[in-house]
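Student: First the structure, then my questions, so here it is.
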Amino acid sequence: MHKSDYTFSKKAVSCYFDADFSNISGLVGDADIVIITDVNVFFHHEEKFSTFPVIKISSGEEFKTQATVDYIIRELISLGANRNAFLIGIGGGVVTDITGYVAAVYMRGIKFGFAPTSILAMVDASIGGKNGIDVGVYKNMVGTIRQPEFIFYDYSFLQTLPVKEWVNGFAEVIKHACIKDALLFSILERYSLHDYQTDKTLVAELIEKNVEIKCGIVTQDEFETGDRKLLNFGHTIGHAIENLHGMPHGHAVSIGIVAACNLSEKINGFHFEEAAKIVKLLAAYHLPVDIETNHEKVFDVLKMDKKRKGEGVQFILLKNIGDAEIKFISLTELESHFKEIL
Ligand code: GLY
């Protein structure tokens with residue numbers, strides 16, 4: 001196990017890499033651990049959690065709701081959890097988002113940490129402190145920004161990760177490469193999903209690199225006034241189609257990345273050949289690159305996006321692979337391109 005500390009505006013978060021879950025209680029002092037996980041992770045790893053109280057939630061984005069938050073709070077009360085409770089969210093992005101949110105509001109705030117079990121949660125969802133829930137089709141409409149005490153990377157959880165979840169996570173990895181790291185992009189071109197699934201060293205390096213990219217951005221701009229917005233690349237259209245189509249987050253982001261590349265070509269001088277390389281890489285990692293959809297409905301959801309500002313949206317466009325920028329685009333201009341980019 002080795003550790004990297006990342007300092008956010010109010011606190012340092014320790015990332016423990018190549019760690020073993022059996023050592024996790026050593027990180028919480030005399031606090032009372034309560035584990036929050038989902039039924040799938042519990043089914044595969046029950047033996048790891050046997051010494052702690054466990055609150056299990058249903059698996060899937062459709063359960064990232066206030067009703068699940070209420071359920072967890074009732075369970076915490078019936079366990080007698082007080083301010084000495086320490087929540088550990090073990091799972092994918094739904095579990096980490098909801099654990100962070102419950103920890104922010106239960107008794108006005110208790111400590112928490114994460115042991116992400118999916119690629120997506122390891123490289124993205126567990127990092128950055130944003131937590132919260134969806135409201136109908138509107139993703140992450142309610143939440144706070146509050147950092148965990150630690151993020152614990154036990155790669156043995158990946159052994160039971162379904163292939164579709166590997167695919168899902170690579171959308172965020174490719175996003176990181178597109179906005180910040182041309183070298184990472186070329187490494188991803190060299191290897192395949194299968195290589196990462198079968199080579200523990202390769203995947204460990206990839207995860208650490210992505211943690212470094214995301215923490216590098218968020219530690220500089222925790223409250224998203226500037227560069228953190230770059231992480232929304234592919235997410236403006238991605239979020240709009242995700243819950244409308246009930247599709248996995250990574251799939252929606254992949255289609256959102258393609259749409260953002262198309263828009264970058266139209267209004268940002270991004271080269272067609274570069275956009276084609278991105279589409280090829282997404283497809284090579286088995287991600288979808290187009291969709292049949294109702295453009296009017298997608299546009300209506302998009303108008304409610306948190307990135308909306310007055311009559312426009314702060315859109316993330318590429319200049320080159322590894323180099324992104326924030327551009328204000330009016331809703332009228334976006335609408336005029338909409339059917340050609342998506
Ligand atoms: N929880 C994900 C983020 O803060 O970006």
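Student: Taking each pair of different alpha-carbon atoms in segment 1-100 once, compute 1/r for the pair, average those values, and report the inverse of that mean as the Kirkwood hydrodynamic radius in Å to one decimal.
Tutor: Kirkwood hydrodynamic radius for segment 1-100: 14.7 Å.
Student: Something else about it: Leaving out ligands and nucleic acids, note down the accessible area per residue over the chain with a 1.4 angstrom probe, in whole Å². Walk me through the numbers on the way to the answer.
Tutor: Working: 14290 Å² over 342 residues.
With all protein chains present, the chain gives 42 Å² per residue.
Student: If you don't mind, there's one more thing I want to ask. Which far-off residues, 5 or more places away or on another chain, put their amide H under 5 Å from the one on residue 146, with H placed in the peptide plane?
Tutor: The answer is 130, 131.
Student: Amide H of residue 115 versus every other amide H placed in the peptide plane: which residues, excluding those fewer than 5 positions away on the same chain, fall under 5 Å?
Tutor: 89, 90, 91, 152
Student: Place the peptides 128-135, 140-147 in order of packing, highest mean first, counting for every residue the other Cβ atoms within 10 Å and averaging per peptide. Walk me through the intermediate numbers first.
Tutor: On the way: 128-135: 20.9, 140-147: 17.0.
Most protected by this proxy first, the peptides run 128-135, 140-147.
Student: Determine the equivalent ellipsoid of segment 225-279 by diagonalising the alpha-carbon gyration tensor, then write out the semi-axes as square roots of 5 times the eigenvalues, largest first, rounded to whole Å. Don't skip to the end; give the middle numbers.
Tutor: On the way: eigenvalues 82, 43, 15 Å².
Semi-axes (√(5λ), whole Å): 20, 15, 9.
Student: If you stretched the chain out fully between residue 308 and residue 51, how much longer would it get, using 0.36 nm times the residue separation minus the C-alpha to C-alpha distance? Write down the numbers at each step before the final one.
Tutor: Numbers: separation 257, 0.36 × 257 = 92.52 nm, distance 4.59 nm.
Full extension of this stretch gives 87.9 nm more.
Student: Let me see the P(r) profile for segment 187-329: every Cα-Cα distance counted, bins of 5 Å, each bin given as a percent of all pairs.
Tutor: 2, 9, 16, 20, 22, 18, 9, 4, 1, 0
Student: On to the next question. Radius of gyration and Dmax for the chain's Cα atoms, expressed in Å?
Tutor: 19.5, 59
Student: Taking every alpha carbon pair in segment 297-342, what does the distance histogram look like in 10 angstrom bins from 0, in percent?
Tutor: Bin by bin from 0 Å, the calculated values are 26, 54, 20, 0.
Student: Also: State the extension gain, in nm to one decimal, for the chain segment bounded by residue 290 and residue 197, taking 0.36 nm per residue of separation less the distance between their alpha-carbons. Could the numbers behind the result be given before it?
Tutor: Working: separation 93, 0.36 × 93 = 33.48 nm, distance 2.52 nm.
Contour length minus the Cα-Cα distance gives 31.0 nm.
Student: When the accessible area of segment 199-342 is split by element with a 1.4 Å probe, what percent falls to carbon and sulfur? All intermediate terms of the calculation are to be shown ahead of the outcome.
Tutor: Numbers: 3070 of 6200 Å².
Accessible surface attributable to carbon and sulfur in segment 199-342 totals 50 percent.
Student: Follow-up question, since we're still on this one. Dipole magnitude of the chain about its Cα centre, charges +1 at Lys/Arg Cβ and -1 at Asp/Glu Cβ only, in debye to the nearest 20?
Tutor: On the way: 34 positive and 45 negative charges, 149 e Å.
Roughly 720 debye, rounded to the nearest 20.
Student: Would you calculate, for the chain, the mean residue ellipticity at 222 nm contributed by helices, counting each DSSP H stretch of 4 or more residues as -39,500 (n - 2.57) and dividing by all residues, to the nearest 500? Provide the component values of the computation, followed by the final result.
Tutor: Values: 12 runs with 150 residues, N = 342.
Helix-only estimate at 222 nm: -14000 deg cm²/dmol.
Student: A further question on this structure: What ranking do 198-205, 168-175 get when scored by the average of other Cβ atoms within 10 Å per residue, highest first? Don't skip to the answer; put the middle values down first.
Tutor: Working: 198-205: 13.4, 168-175: 27.4.
In decreasing order of mean packing, 198-205, 168-175 become 168-175, 198-205.
Student: In the chain, what percentage of the DSSP-assigned beta bridges are antiparallel, given to the nearest 5?
Tutor: Details: 19 of 39 bridges.
Looking only at bridges with both residues in the chain, the antiparallel portion is about 50 percent.
Student: Could you tell me how many degrees, from 0 to 90 and to the nearest 10, lie between the Cα long axis of helix 331-341 and the main elongation axis, the longest principal axis, of the Cα atoms of the chain?
Tutor: 90 degrees
Student: Quick one: length gained pulling residue 339 to residue 323 fully straight, 0.36 nm per residue minus the C-alpha distance? Show your work: numbers first, answer last.
Tutor: Working: separation 16, 0.36 × 16 = 5.76 nm, distance 2.54 nm.
Here the segment from residue 339 to residue 323 would lengthen by 3.2 nm.
Student: Cut-off 10 angstrom, C-alpha nodes, Gaussian network model of the chain. Which of 219, 117, 51 fluctuates the most?
Tutor: 51
Student: Within segment 74-139, what whole-number % of the accessible surface is contributed by carbon and sulfur, with the 1.4 Å probe and all protein chains included in the calculation? Let's see the in-between values first.
Tutor: Working: 1050 of 2010 Å².
Answer for segment 74-139: carbon and sulfur cover 52 percent of the accessible area.
Student: May I ask you to derive the relative contact order of segment 1-101, considering only C-alpha pairs under 8 Å and at least 6 residues apart, and to give it as an integer percent? Provide the component values of the computation, followed by the final result.
Tutor: Details: 110 pairs, mean separation 28.4, N = 101.
Reported as a whole number, the value is 28 percent.
Student: Using θ = phi - 60° and the Karplus form 6.51 cos²θ - 1.76 cosθ + 1.60, what ³J(HN,Hα) does each residue of segment 99-104 get, whole Hz, x for Gly and Pro?
Tutor: 5, x, 5, 4, 5, 6
Student: Between 300, 154, 18, where does the largest GNM mean-square fluctuation fall for the chain, given springs only between Cα atoms within less than 10 Å?
Tutor: 300
Student: Same structure, new question: So what are the ³J(HN,Hα) numbers for segment 202-207, from phi and the Karplus equation (6.51, -1.76, 1.60; θ = phi - 60°), rounded to whole Hz, Gly and Pro as x?
Tutor: 4, 5, 4, 4, 4, 5
Student: Still on this structure: Karplus couplings for segment 316-325 from phi (6.51 cos²θ - 1.76 cosθ + 1.60, θ = phi - 60°), rounded to Hz, Gly and Pro as x?
Tutor: Along segment 316-325, the couplings run 9, 10, 9, 9, 9, 5, x, 9, 10, 9 Hz.
Student: Name the residues of segment 213-252 whose amide N is less than 16 Å from a point 7 angstrom out from the Cα of residue 267 along the C-beta direction?
Tutor: Once the point is set 7 Å along Cα→Cβ of residue 267, 233-238 turn out to lie under 16 Å by backbone N, inside segment 213-252.
The values are calculated or read from the model by the stated rules, or taken from the named source; none is laboratory data. A quick note: this is a predicted structure, and the numbers were derived from the prediction, not measured. Positions of Cβ are generated from backbone atoms using ideal geometry, with glycine treated the same way; all protein chains shown enter the neighbour counts. The area values use the complete protein model at the heavy-atom level, side chains included, leaving out ligands, DNA and RNA. Shrake-Rupley method; radii C 1.70, N 1.55, O 1.52, S 1.80 Å.
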